[in-house]
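The values are calculated or read from the model by the stated rules, or taken from the named source; none is laboratory data. Since the model is a prediction, treat every value here as computed from it, not as a measurement. Heads up, the Cβs are rebuilt from the backbone with ideal geometry, glycines too, and the neighbour counts pull from every protein chain shown.
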Amino acid sequence: MMHVIPSVNCEDEACARKKIETLRGFLPEGSFVHGDVTDGAFSSYKIWNHPHGWSRLGAPYLLEVHLMVELPLDYAEDWFAAGARRLIVHVETLSRDVLHSLRQVADRYRGELMLTSRPETHYLELEPYVREFTLFEVLSVNPGAPGQAFLPVTLEKIRFLREVSPDATIEVDGGVNLETAKLVKSAGADTLVTTHYLFDSPDPAAAFRALEEI
């Protein structure tokens, strides 16, 4: 079975609260949910992303936060302090010093770091860091607005990561539906992030189970 992580990306706190209430109907407590943080620079699209707002939701879930930002260190402490369990950081924003500092922050909160990249970033650009991570996200749409179509070019990145890191978690985020889920599973992914397919479904619980059973 595939591991499925709902994304609660929203334009405001009320929307996020509504999605959490939907998830309470079928998502077990302690499961992961996903949220994006954008800065208007690394990604021109900006969404609601307030650490203290997440705390107010009282969600019984673990949070992973995708930092689509130019300076991830400026955001890491606040999100871990607000309860995030995992931060997803872009290889394009990393240096050895930045990664070292991010790990120090993560360790203080007993949190995790996951590595990701823009779709157009060649998988070989991950190579200097790939053996320092056991968690990877493959972003299969361009950073920014939700509802984009899956980019098949990212399948090559999934295959590379599975080859060099056979035991890693490989998560795919963007354009996920039943058809694309089958493609990414065949390429080596084991985890899916879903937004529109899940929340736009007339039966989100059934849509969630259908993805799990891919």
Worksheet item: Taking into account only those residues within the stretch 159-208 that are polar (S, T, N, Q) and modelled with pLDDT of 95 or more, which is farthest from Glu120 (Cα to Cα)?
Response: Ser201
Discussion item. Quick check on my filter: what residues within the stretch 78-102 are assigned to a helix (DSSP H, G or I), under 18 Å from the mean Cα position of the chain (by Cα) and among the charged types (D, E, K, R)?
Written reply: Asp78, Glu92
Discussion item. Name the single residue that is farthest from Val4 (Cα to Cα) among those in the stretch 64-116 being surrounded by 14 or more Cβ atoms within 10 Å (Cβ to Cβ) and among the small types (Gly, Ala, Ser).
Written reply: Ser101
Worksheet, complete the sentence: If we keep only residues of the stretch 50-63 that are modelled with pLDDT under 90 and under 16 Å from Pro6 (Cα atoms), then the residue surrounded by the most Cβ atoms within 10 Å (Cβ to Cβ) is Trp54
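So that you can scan it fast, the table gives a plain yes or no per residue for (1) surrounded by fewer than 13 Cβ atoms within 10 Å (Cβ to Cβ); (2) in contact (Cβ under 8 Å) with a residue 12 or more places away in the chain; (3) under 14 Å from the mean Cα position of the chain (by Cα):
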| site | (1), (2), (3) |
| --- | --- |
| Thr121 | no, yes, no |
| Val130 | no, yes, no |
| Phe133 | no, yes, no |
| Pro143 | no, yes, yes |
| Ala149 | yes, yes, no |
| Thr154 | no, yes, no |
| Arg159 | no, yes, no |
| Val184 | no, yes, no |
Discussion item. Restricting to the stretch 186-214, and then to whatever is under 16 Å from the mean Cα position of the chain (by Cα) and part of a loop (DSSP other than H, G, I, E, B), can you tell me which residue is nearest to Pro152 (Cα to Cα)?
Written reply: Ala189
Practice prompt. Could you please let me know if His196 is surrounded by fewer than 19 Cβ atoms within 10 Å (Cβ to Cβ), within 26 Å of Glu70 (Cβ to Cβ) and free of Cβ contacts under 8 Å to residues at least 60 places away in the same chain?
Written response: no
